[in-house]
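S.K.: Sharing a structure, written as structure tokens. Questions coming.
The values are calculated or read from the model by the stated rules, or taken from the named source; none is laboratory data. Everything quoted here is computed from the prediction, not taken from an experiment. Positions of Cβ are backbone-derived with ideal geometry, glycine not excepted, and every protein chain shown enters the neighbour counts.
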Protein chains: 2
Amino acid sequence: MDAALKAIAAPRRRDILALVHREELCAGDIAAHFDVTWPAVSQHLTVLKEAGLVEERRNGTQRLYRARPEGLADVKAFVEAFWDPRLEALKREAEREEKRKHGNDR
Amino acid sequence: MDAALKAIAAPRRRDILALVHREELCAGDIAAHFDVTWPAVSQHLTVLKEAGLVEERRNGTQRLYRARPEGLADVKAFVEAFWDPRLEALKREAEREEKRKHGNDR
DNA sequence: CCAAAATTTAAGTCATTACTTTCATTAGAC
DNA sequence: GTCTAATGAAAGTAATGACTTAAATTTTGG
């Protein structure tokens, strides 16, 4: 969960996530939306990918990216546990699950 | 939302939040749970307070802190907006199951 | 008022991070 | 193979952040 939370803590990465939420976009098109250089966007995409928040698909020389909502599962569980005390148990379960699946998402 | 997200992106602050989730604690008691100095915890509490995630109450020379779940409202909305609706059912199921085995863990 | 206790504030250090520019890699067209 | 386009990787920089120690603040009790 730590990786996912750190990933969405940066506003630029949230903006990128919003772009590829429903639509599959290549890195160049994503970078065109911001006034930063290509490599900067590429680095953000790497962070998002390693956090499990986007998935990459290669098409010829392009790489297409799309959001991966499941990557926010643990974050969602944490927020909701904090939100509603009755869901405390769910949070603990999420923590256990994260320890168990170490190595699945990388 | 940016402040709240940055606040919970740091593991130590999440640990602090967990401590004051149910229970009102003074800064000293919170610091006693970690192997960092008092000022470090005090700084974290300031960040959490400014993000609206904890509330402070003064009692004599002490300052008591307690979690403030409403502070995560925007984060919750953001996370849920990204969530794949098809996975909603899974969560609810887990919730129901959790309620079913109520009373076993005490 | 004076002293002790709980905590914040100030100032500085070390690691992390978001970015830049420059170089390397991969895939398709010729 | 060579050229070009799309992109990732490497290396460097400036800003941010999580800590530390030392000093200042606030409240209570004499």
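S.K.: Report, by residue number, each residue of region A:50-72 that is within 8 Å of DNA strand D (Cβ to nearest atom) and either of a type in the set (S, T, N, Q) or part of a helix (DSSP H, G or I) (or both).
M.R.: Correct list: A:61, A:62.
S.K.: Being of a type in the set (D, E, K, R) and away from every other protein chain (no Cβ under 12 Å) is the filter; apply it to region B:16-53 and report the residue that is surrounded by the fewest Cβ atoms within 10 Å (Cβ to Cβ). Walk me through how you get there before you give the answer.
M.R.: Start the filter on region B:16-53 by keeping residues that are of a type in the set (D, E, K, R), which leaves B:22-24, B:29, B:35, B:49-50.
When the remaining residues are screened for being away from every other protein chain (no Cβ under 12 Å), the result is B:24, B:29, B:35, B:49-50.
Working: B:24: 13, B:29: 16, B:35: 7, B:49: 16, B:50: 12.
Out of the qualifying residues, it is B:35.
S.K.: Report every pair of residues separated by at least 6 positions or lying on different chains whose Cβ atoms are under 8 Å apart, first residue within region B:71-83 and of a type in the set (A, V, I, L, M), second modelled with pLDDT of 95 or more and not in a helix (DSSP H, G or I).
M.R.: B:72/B:53
S.K.: Test each condition in (1) within 23 Å of residue A:75 (Cβ to Cβ); (2) away from chain A (no Cβ under 11 Å) for residue B:81 and report the one that comes out false.
M.R.: Every condition holds for residue B:81 apart from (2).
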